[in-house]
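Taken together, the values in this text are just the output of simple stated rules run on the coordinates, not laboratory data. All of these numbers come straight from a predicted model, not from anything done at the bench. Reconstructed Cβ throughout: ideal geometry from the backbone, glycine too, with neighbour counts over all protein chains shown.
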Amino acid sequence: MKNIENRIEGKVIAITGASSGIGEATAIMLAAHGAKVVLGARRSDRLEELNNRIKASGGDSIYRVIDVKKKADVDSLVQLACVHYGRLDVMINNAGISHLSRIDELQIEDWEDMIDVNLKGVLYGIAAGLSVFKKQGSGHIINIISTSGIKIVPLQGVYAGTKNAVRTIAEALRQESQGSYKVTGISPGFVQTELADHIKDPIVKAAVKEKSAKIAISPNDIASGVVYALSQPDHVDVGEIVIRPTVQD
């Protein structure tokens, strides 16, 4: 029986939002398992530092500064993987943003921002990955979603809506693929990331950060879920994983 390392080793894996949080932890963990990681994010300094850290630990990585709001940028990340490594095995759509507010506050610019990153950015990633997977006849798309799309609560309506849209689209793709590609959704609960930094309302931001400080789990816990999904044999497709603190309501 193959072990986890053998199933992940040598895979070419592109990751959006790789410069911090879940993306960063996932890149480090996958590289440690022998994957060739292709890092994409907006912050060049953070990407360079992560790339250097992975290489210093004996890993194999490359990076490109991208903005998932721009389809051409996401395409270029996949092209980088194919030019440098000759293929793409896994596309991890991790980049996301959260603006929390009441719907009747009509924070329309925030809505558009979340739609552009959380939904359109993921669609661009799916499209870029499939352009390669269709030629190869294989591939794996992993979408980092959220428990916010599972339990609907005030202030998270539009954010949860973007996450549930991804969940719906991914399930349709899974069925349409008829086994040609694997599709996995991973829904984190409270995790120690910078997501709360994007919340504009100071009261809401403080409340989220306070709760996160009390119960949040590590990005490594989510990265372990990615490793689990990728460790399965070819005939097994892990559809969805929910990973949250045991005390989260």
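Take the chain and mark each of the GluC sites (Glu not before Pro) that is in a DSSP loop with at most 16 other Cβ atoms within 10 Å; the longest unmarked stretch, sites excluded, is 10-193. Here the Debye sum runs over all C-alpha atoms of segment 20-94 as equal scatterers in vacuum, and log10 of I(q)/I(0) at q = 0.16, 0.19 Å⁻¹ comes out as -0.51, -0.74. The length gained by stretching the chain between ASP60 and LYS135 to full extension, at 0.36 nm per residue less their Cα-Cα distance, is 24.6 nm.
The alpha carbon centroids of segment 14-45 and segment 59-114 are separated by 12 Å.
With runs of 4+ DSSP H residues as the only contributors, calculate the mean residue ellipticity of the chain at 222 nm using -39,500 (n - 2.57) per run, divided by the residue total and rounded to the nearest 500. Intermediate results must be reported in sequence, preceding the final value.
Working: 9 runs with 115 residues, N = 249.
Computed ellipticity for the chain at 222 nm equals -14500 deg cm²/dmol.
Net length available on complete extension from GLN248 to THR168 is 26.4 nm, with 0.36 nm assigned per residue and the Cα-Cα distance removed. Summarising the amide proton neighbourhood of ILE141: residues at separation of 5 or more, or on other chains, whose placed amide H is nearer than 5 Å comprise MET91, LYS182, VAL183, THR184. Its residue count N fixes a reference of 2.2 N^0.38 Å for the chain, and the Cα radius of gyration divided by that reference is 0.96. Over 21 Å between Cα atoms: which of LYS69/LYS214; LYS134/LYS163; LYS36/LYS71; LYS71/LYS163; LYS36/LYS182; LYS11/LYS134 fall into that group? Beyond 21 Å: LYS69/LYS214; LYS134/LYS163; LYS36/LYS71. Against the chain, whose longest principal axis comes from its Cα atoms, helix 202-215 is set at around 60 degrees.
Under a Cβ-only charge scheme (Lys and Arg +1, Asp and Glu -1), can you give me the dipole magnitude of the chain about the Cα centre, in debye to the nearest 20? It would help to have the intermediate numbers written out before the result.
Numbers: 29 positive and 29 negative charges, 91 e Å.
About 440 debye.
Once you compute Rg and the Kirkwood Rh from C-alpha atoms, what is the Rg to Rh ratio for segment 132-212? Don't skip to the end; give the middle numbers.
Details: Rg = 16.0 Å, Rh = 14.5 Å.
Rg divided by Rh gives 1.10.
Place a point 7 Å from Cα of ASP75 in the direction of its Cβ. Which residues in segment 105-140 have their backbone N less than 11 Å from it? Once the point is set 7 Å along Cα→Cβ of ASP75, 128 turn out to lie under 11 Å by backbone N, inside segment 105-140.
Among the listed pairs LYS55/LYS209; LYS151/LYS205; LYS151/LYS200, which are separated by more than 24 Å between their Cα atoms? Those over the limit are LYS55/LYS209.
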